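The values are calculated or read from the model by the stated rules, or taken from the named source; none is laboratory data. The shown structure was predicted, so the numbers you read here are calculated from the model rather than taken from an experiment. A quick note on method: Cβ atoms are made from the backbone with ideal geometry, for glycine too, and the neighbour counts reach across all protein chains shown.
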Amino acid sequence: MKNLFGSMVDIAIARLKEFEPNALAKSPDGYYVAYSGGKDSDVILDLVRRSGVKFTAHHHLTTCDPPELVWHVKEQRDVIIKRPELTMWQLIRKKGMPPRRNARYCCEVLKEGGGQNRIVVTGIRWGESAKRSKRKMIESCYRSKGKQFLNVIIDWSTDDVWQYIRDRNINYCKLYDEGFKRLGCVLCPMSREVERDIKRWPKIARAWERAIKATYKDDPSGKFIFKNPEEYWQWWLDRDRSARKSDDNQMMFFED
């Protein structure tokens, strides 16, 4: 990451300036910055501030965010924090099932609703995953017509991100200093760090447990695979089993 400030940073800022007329044509507020509170969004927030483009920054609470992350987000005075209409626990009860790796409705409802008819600046990068390696710098949203994404640091590596943070002395969530590689919801269905999250945030884990057990349905016929709410909860914690649509060739009670 040779001469980062003279190359990659200039390119990222040039991207922001290039597409700003398009952002202003969609909204007088300019860009909609999707700020998660993670390291990548700390970088894009600093970039839009430095570039001089017009923007509003937004963070969507999920109600199962790590408290340390929420505190960090609140330190960003120009970030608008949106509280959801339903908490995660209310959403689970409404859906009648918990979110899973292959049924992750929670992100769509709690995180991805903002930025309609705006250009949304994100911190998505090719180096994050095989799936994201196929993303483009500028994209249209398939769910919301008129909404576009500008992935302004899409070609940065993780090392590039951390060098930028250190060189600019940017404040970041201190969970990274404890060994966390990525930040997200406590007990996110996509995370395998189940024991770590339960130990670190027991109150949030108990809220998950109560909400999930509340969606258990007793079935005397034995058609469904779970004998009681506790077995159902343990199944959900098992990321391999809960990712499958069926177990032992029996139907899940929410697969109607």
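Below, the figures for the structure above:
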quantity: Matching residues, segment 221-256, being more than 18 Å from N102 (Cβ to Cβ), in a helix (DSSP H, G or I) and either touching a helix residue (DSSP H, G or I) at 6+ places or on another chain (Cβ under 7 Å) or at pLDDT below 65 (or both); calculated: P229, W233
quantity: Qualifying residue in segment 96-116 (condition: farther than 30 Å from A214 by Cβ and assigned by TED's automatic domain parsing to the domain that holds P28); calculated: yes
quantity: Helices (runs of 4 or more DSSP H) contained in segment 61-162 and holding at least 1 residues under 17 Å from M190 (Cα atoms); calculated: 88-95, 105-110
quantity: Residue list for segment 126-135, restricted to those being out of contact with any helix residue (DSSP H, G or I) (no Cβ under 9 Å at 6 or more places or on another chain) and surrounded by 10 or more Cβ atoms within 10 Å (Cβ to Cβ); calculated: S129
quantity: Of the criteria (1) small (G, A, S); (2) without any contact (Cβ under 8 Å) to a residue 12 or more places away in the chain; (3) closer than 20 Å to G184 by Cβ, which one A57 fails; calculated: (2)
quantity: Selection count, segment 180-211, where residues are assigned to a helix (DSSP H, G or I) and of a type outside the set (D, E, K, R); calculated: 8
quantity: From the options S140, S144, residue that is surrounded by 16 or more Cβ atoms within 10 Å (Cβ to Cβ), free of Cβ contacts under 8 Å to residues at least 40 places away in the same chain, assigned by TED's automatic domain parsing to the domain that holds A23 and closer than 27 Å to I13 by Cα; calculated: S144
quantity: Matching entry among I81, I11, I92 (being surrounded by fewer than 16 Cβ atoms within 10 Å (Cβ to Cβ) and in contact with a helix residue (DSSP H, G or I) (Cβ under 7 Å, 6 or more places away or on another chain)); calculated: I81
quantity: Among (1) under 25 Å from W71 (Cα atoms); (2) under 19 Å from the mean Cα position of the chain (by Cα); (3) without any contact (Cβ under 8 Å) to a residue 40 or more places away in the chain, the one test that F149 misses; calculated: (1)
quantity: Test: residue in segment 11-26 that is farther than 15 Å from F149 by Cα and assigned to a loop (DSSP other than H, G, I, E, B); calculated: no
quantity: Hey, V33 without any contact (Cβ under 8 Å) to a residue 60 or more places away in the chain and farther than 30 Å from D238 by Cα or not; calculated: no
quantity: Options K2, K54: the member that is of a type in the set (K, R), at pLDDT 95 or above and surrounded by fewer than 22 Cβ atoms within 10 Å (Cβ to Cβ); calculated: K54
